[in-house]
Amino acid sequence: MAITKLVRIDKFHKNEAAIQEAGRLLADGGLVAFPTETVYGLGANGLDAEAAARIYAAKGRPSDNPLILHIAAMEELYPLVAEVPETARILAEAFWPGPMTLVLKKSGRVPGGTTGGLDTVAVRMPSHPVARQVIQAAGVPIAAPSANTSGRPSPTKAIHVLEDMDGKIDMVIDGGDVGIGLESTIIDVSEGTPVLLRPGYITEEMVEQLMGPMAVDPAVKGQIPPDIRPKAPGMKYRHYAPKAELTVFLGPPVAVCGAIEKALLEAKAQGKRAGVLCTEESEAFYQAPVKKCAGRRNEPESVARSLYDVLRAFDKEQVDCIFSESFEDLPLSGAIMNRLLKAAGYRTVVCGRI
Ligand code: TXA
Ligand code: MG
């Protein structure tokens with residue numbers, strides 16, 4: 001595949017011709033990247049194992065890492081799953097369409113090539129109008145991982161998709177920047193108590209308010225030993241990682257600032273070009289060759305929205321190391337810190353705690 005067609009769509013005005021073309025390409029086994037409310041997805045026909053195989057090839061993704069099937073309406077769920085437990089019904093009613101993925105026992109219609117051979121399937125009903133139109137036009141459930149090369153930060157802008165996928169896929173629909181910026185919350189409802197497999201915009205607290213305590217997979221909170229297999233196979237890979245060594249400074253913001261300033265001096269003395277991942281509130285404190293702001297601390301949604309863009313931006317700056325502030329006490333800290341710590345390979349410095 002040599003040419004990737006780029007189409008711009010204003011998310012408030014339907015571009016019928018482009019949507020129909022995307023639908024046709026998908027129905028014929030092609031690959032189309034499109035915006036969702038979380039991150040850009042790389043879509044293929046989720047019931048066609050060969051189309052799914054093309055996704056793995058374009059991303060360079062390990063084939064044991066299953067894909068999420070995207071649907072546009074509740075009735076599209078039933079043919080994909082063996083059963084819809086009460087927990088799934090309650091969660092779907094509360095958070096679909098939206099940034100939540102449910103893992104359920106799969107039906108015979110879903111090929112093993114989409115689920116990495118698992119007997120469960122992950123399903124999500126996105127709320128982004130362009131994503132919904134593309135799924136409807138294709139007329140099949142759409143398997144869509146994040147549209148990045150495996151291991152790189154997920155795309156939150158169409159330009160990120162092109163950086164990784166130009167020449168490898170049939171079409172990119174540019175629907176502007178995504179709203180949330182971090183991938184969906186994944187909840188396994190396939191066996192009794194729901195289990196959180198990946199934190200996201202729908203928080204643990206939001207789910208627990210609705211249905212009481214939820215279990216949390218160990219891979220969510222920290223590094224897991226290499227011999228343990230997390231329930232979401234994707235959680236075991238180093239992800240979202242910039243090229244330079246990233247260290248996250250944990251602790252109260254004032255202590256973090258001081259420790260990063262010290263680390264910057266040390267890096268300078270060693271002849272290293274260092275970057276700082278900070279926020280608009282703290283940027284002026286640092287004297288560093290490269291500074292990138294992940295939004296504003298007093299507006300946590302802006303941190304989530306810009307984190308991946310900032311991680312990608314460091315790759316263009318030829319830095320040797322990146323020192324990052326942490327985001328431990330914000331409403332979205334579960335999802336933000338999960339991605340940031342994974343990007344750092346769990347390399348941390350604890351500041352100002354006795
Ligand atoms: O927000 C999102 O979820 C985005 C947009 C495009 O919808 N998609 C996304 O897909 O993040 P991906 O492939 O990058 O991440 C899917 C995650 C992986 O960690 C994978 O292991 C897990 O979902 N997963 C998929 N099927 C699963 C299953 N049957 N059981 C457990 N985990 C599963
Ligand atoms: Mg991904």
- Task: Give me a count of the residues in the range 341-354 that are within 29 Å of Glu37 (Cβ to Cβ) and either touching a helix residue (DSSP H, G or I) at 6+ places or on another chain (Cβ under 7 Å) or open to solvent by 20 Å² or more (accessible area, probe 1.4 Å) (or both).
- Result: 4
- Task: Would you kindly identify the strands (runs of 3 or more DSSP E) lying entirely within the range 179-260 that contain at least 2 residues that are more than 16 Å from ligand 1 (Cβ to nearest atom)?
- Result: 245-250
- Message: Based on this model, can you work out whether Phe323 counts as in a strand (DSSP E or B) and out of contact with any His (no Cβ under 6 Å at 6 or more places or on another chain)?
- Response: yes
- Scan the range 261-311 for residues that are among the β-branched types (Val, Ile, Thr), touching a Cys at 6+ places or on another chain (Cβ under 8 Å) and over 21 Å from Ser146 (Cβ atoms) and jot them down. Thr279
- Scan the range 95-138 for residues that are within 16 Å of ligand 2 (Cβ to nearest atom) and within 17 Å of Val178 (Cβ to Cβ) and jot them down. Pro99, Met100, Thr101, Arg124, Pro126, Ala131
- Task: Go through (1) small (Gly, Ala, Ser); (2) in contact with an Asp or Glu (Cβ under 6 Å, 6 or more places away or on another chain); (3) farther than 30 Å from Gly192 by Cβ; (4) near ligand 1 (Cβ under 10 Å from one of its atoms) and name the single condition Gly116 misses.
- Result: (3)
- With criteria (1) out of contact with any strand residue (DSSP E or B) (no Cβ under 7 Å at 6 or more places or on another chain); (2) within 12 Å of ligand 1 (Cβ to nearest atom), Ser154 comes up short on (1)
- Message: Among the residues of the range 29-64, what is the count of those that are under 23 Å from Gly176 (Cβ atoms) and without any contact (Cβ under 8 Å) to a residue 40 or more places away in the chain?
- Response: 0
- Message: Can you tell me which residue is nearest to ligand 2 (Cβ to nearest atom) among those in the range 145-169 that are among the charged types (D, E, K, R) and either closer than 17 Å to His70 by Cα or buried (at least 21 other Cβ atoms within 10 Å of the Cβ) (or both)?
- Response: Arg152
- What tally of residues in the range 296-335 results from selecting those that are open to solvent by less than 10 Å² (accessible area, probe 1.4 Å) and free of Cβ contacts under 8 Å to residues at least 24 places away in the same chain? 1
- Task: Specify the residue that is farthest from Asp177 (Cα to Cα); the eligible residues are those in the range 277-307 that are assigned to a loop (DSSP other than H, G, I, E, B) and aliphatic (A, V, I, L, M).
- Result: Ala288
- When you go through Ala58, Ala53, Ala27 one by one, which is the residue that is open to solvent by less than 20 Å² (accessible area, probe 1.4 Å) and at pLDDT 95 or above? Ala58
- Message: Just to verify a result, which residue in the range 68-103, among those that are among the small types (Gly, Ala, Ser) and either without any contact (Cβ under 8 Å) to a residue 12 or more places away in the chain or open to solvent by 20 Å² or more (accessible area, probe 1.4 Å) (or both), is farthest from Leu118 (Cα to Cα)?
- Response: Ala94
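The values are calculated or read from the model by the stated rules, or taken from the named source; none is laboratory data. What you see is a predicted model; the values in this text were computed from it and never measured. Neighbour counts run over all protein chains shown; Cβ positions are idealised from the backbone, glycine included. SASA here: full protein model, heavy atoms, side chains in, ligands and nucleic acids out. Shrake-Rupley method; radii C 1.70, N 1.55, O 1.52, S 1.80 Å.
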